[in-house]
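Only one structure is covered here, and it is reproduced in the block below.
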Amino acid sequence: MTATPLPTIKFLQRPTSDAWVEQALAHLDTILLDHSHCERKAAGVAMNLMFRYPSSTKLVRTLTTIAQEELEHFEQVNQWLERRGIALAPLSAPPYAAGLKAEIRPQEPHRMLDSLLVSGLIEARSHERLGLLAQHCPEPELAQFYRGLMASEARHYGIYWILATTYFEREEVVQRLEELATVESNLLATLYPQPRIHS
Ligand SMILES: [Fe+2]
Ligand SMILES: [Fe+2]
């Protein structure tokens, strides 16, 4: 676990099911490939926010760090793919990210708040699931890799939380997080038939 103090706020309403863990462990190569896509998308999301809010100094500075870290993770996962002879190939996306994106209200300032919280929720879920992979993966070296990444993802959801409370009243952030967290957990209630990080 990371030594960085985590926000005490509860991001995830429901824990990941045992069925997801079983599915992931049975398809580690597909999970690694999907993980590569997730890291690239996480870097893209951070950069999109920097483009959308170029004058929000704190947001730009902190998301610069996140985008760099996600690209580092992307490179590290891609090294694992190369070692295992897995080609970078497209994968169908589970309904998770699109379902969360649909919850982002189109008008500012709501759009900014929702975007930050959706990113925070995705980071929190990644943290939880990489932790489960670290705990249960039968390959010690790969488990160690997941353990290392898990700490970064915890820091990332903390950063999105801090940004949300920088630009919005805490009460509004807490209330909206609760609504979005319900949607997030519901999106995962039915296991996607294909193994994915966010299935
Ligand atoms: Fe990452
Ligand atoms: Fe992250």
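Values in this text are rule-based calculations from the coordinates and carry no lab data. Predicted, not measured: the structure shown is a model, and the values here were computed from it. Note that we place each Cβ from the backbone using ideal geometry, even for glycine, and neighbour counts take in every protein chain shown.
Brief remarks on what is shown
- Contour minus Cα-Cα distance for Thr165 and Ser92 (0.36 nm per residue): 22.9 nm
- Amide H partners (placed H, <5 Å) of Leu91, local residues excluded: none
- Value of Rg to Rh for the range 40-99, rounded to two decimals, is 1.09; Kirkwood radius and Rg both from alpha-carbon coordinates.
- Rounded to 10°, Cα long-axis angle of helix 170-187 versus longest principal axis of the chain: 30 degrees
- Volume per residue of the C-alpha convex hull in the chain, rounded to whole Å³: 113 Å³
- Residues in the range 44-60 that a label on Glu72 would reach, taking backbone N under 20 Å of a point 7 Å out along Cα→Cβ: 44-48, 50, 59-60
- Between Glu139 and Met47, the contour length at 0.36 nm per residue exceeds the alpha carbon distance by 29.8 nm.
- Using the Cβ-Cβ distance between Lys101 and Gln194 with R0 set to 22 Å, the FRET efficiency works out to roughly 0.70.
- Under Karplus coefficients 6.51, -1.76 and 1.60, residue-wise ³J(HN,Hα) of the range 89-103 in Hz, glycine/proline x: 9, x, 10, 5, 8, x, x, 4, 5, 5, x, 6, 4, 5, 7
- Listed residues Gly131, Ser55, Gly85: farthest to the positive end of the dipole of the chain (Cβ charges): Ser55
- Subtracting the Cα-Cα distance of Asp29 and Val174 from their residue separation scaled by 0.36 nm leaves 48.5 nm.
- Between the helical axis of 110-136 and the longest alpha-carbon principal axis of the chain there is an angle of about 30 degrees.
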